[in-house]
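Q: My questions all concern the structure below.
The values are calculated or read from the model by the stated rules, or taken from the named source; none is laboratory data. Predicted, not measured: the structure shown is a model, and the values here were computed from it. We place every Cβ from the backbone using ideal geometry, glycine too, and count neighbours over all the protein chains shown.
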Amino acid sequence: MTILGALMGLFFLSGGIGALPAYAVAPMASAIPNYLVTLTAYNAVEAQTDSDPFVTASGIYSNPEIVAARSRDLADELSFGTIIEVDGTNASKEACGYDIVAPIIGYRIVADTMSARYADRVDILFSTKSNYTLKDGKVKNAGVVLGICSGVTIRVVGHIDLTHTQKLPKTQIELAAIVNGSNELALK
C-alpha cells in the first residue's frame with residue numbers, strides 16, 4: 001500500500017471529511033473497486049420487469065430515486081446492498097444521453113437483477129414521470145434519453161443492509177448523507 005493510501009485510510013477512519021458512519025462498510029480510498037460497464041435504464045413497469053414491478057429481486061420496493069440493477073455476471077462484485085457511484089464522463093456518446101440525465105442518477109443501491117441475456121451491465125431505475133423535452137420538442141422518459149452508454153465506470157462507495165427496510169433511504173439526499181457519513185441509516 002502506498003503512503004498516500006495509508007494516510008487516506010487513516011484520515012477516513014479518524015472521522016475526516018467524507019468518513020462513513022461507524023456501521024458502514026467502505027473500501028479504502030486507494031482500493032475503491034471500479035468496474036467498466038454498459039449503462040442502461042428501466043422503469044418499474046411489467047413490460048420492463050416481471051409481474052411485480054414494484055418489488056426488486058432483493059425484495060425491497062422499486063424506488064426510482066435510489067435503485068439500480070446489475071447483470072447476473074456481476075452478482076459477486078455488486079451484491080445486493082452495494083452502494084455505487086456512476087461516472088459516465090468517458091462513455092461513448094454515440095447512443096448515450098448520460099450528460100442529460102446524470103443529475104438524477106446520483107448514488108444508487110444495487111437491489112435488482114437484470115435478465116440473464118445481459119452481461120457487464122448496470123441498469124438505472126427511473127421514474128415513469130422522469131421526462132425530458134428534447135430540442136426537437138419531443139418528450140421522452142429519462143430511460144430513453146439515457147439510451148445505451150458503453151464505457152461507464154461504476155465505483156463501489158459502500159454497502160447498506162437491505163434487511164432493515166424501514167431504515168432504507170428514500171431519496172437521493174438521504175443516500176448521499178449515508179455515503180458522506182452524516183447519517184447512519186441502515187448501514188452495516
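Q: Could you list all residues from the stretch 35-74 that are closer than 16 Å to V86 by Cα and in contact with a Pro (Cβ under 7 Å, 6 or more places away or on another chain)?
A: Of everything in the stretch 35-74, just one residue is closer than 16 Å to V86 by Cα and in contact with a Pro (Cβ under 7 Å, 6 or more places away or on another chain), namely I66.
Q: Looking at (1) in a loop (DSSP other than H, G, I, E, B); (2) in contact with a helix residue (DSSP H, G or I) (Cβ under 8 Å, 6 or more places away or on another chain); (3) at pLDDT 95 or above, can you tell me which one D76 breaks?
A: Failing condition for D76: (2).
Q: Among G59, G81, which is surrounded by fewer than 16 Cβ atoms within 10 Å (Cβ to Cβ) and either at pLDDT 70 or above or closer than 22 Å to A177 by Cα (or both)?
A: That would be G59, the only listed residue that is surrounded by fewer than 16 Cβ atoms within 10 Å (Cβ to Cβ) and either at pLDDT 70 or above or closer than 22 Å to A177 by Cα (or both).
Let's see how each residue does on (1) at pLDDT below 75; (2) of a type in the set (A, V, I, L, M, F, W, C); (3) within 25 Å of K140 (Cβ to Cβ):
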| residue | (1), (2), (3) |
| --- | --- |
| F12 | yes, yes, no |
| P27 | yes, no, no |
| I104 | no, yes, yes |
| S115 | no, no, yes |
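Q: Something else about it: Taking the stretch 91-122, which residues are in a loop (DSSP other than H, G, I, E, B) and on the phi < 0 side of the Ramachandran plot?
A: Residues satisfying the conditions are A91, S92, K93, E94, A95, G97, M114, S115, A116, R117, Y118, A119.
Q: A further question on this structure: Would you mention how many residues in the stretch 123-167 are part of a loop (DSSP other than H, G, I, E, B) and in contact with a helix residue (DSSP H, G or I) (Cβ under 7 Å, 6 or more places away or on another chain)?
A: Residues meeting the conditions: 2.
Q: Now for a different question. Being on the phi > 0 side of the Ramachandran plot and out of contact with any His (no Cβ under 6 Å at 6 or more places or on another chain) is true for just one of G88, G151. Which residue is that?
A: Exactly one residue qualifies, and that residue is G151.
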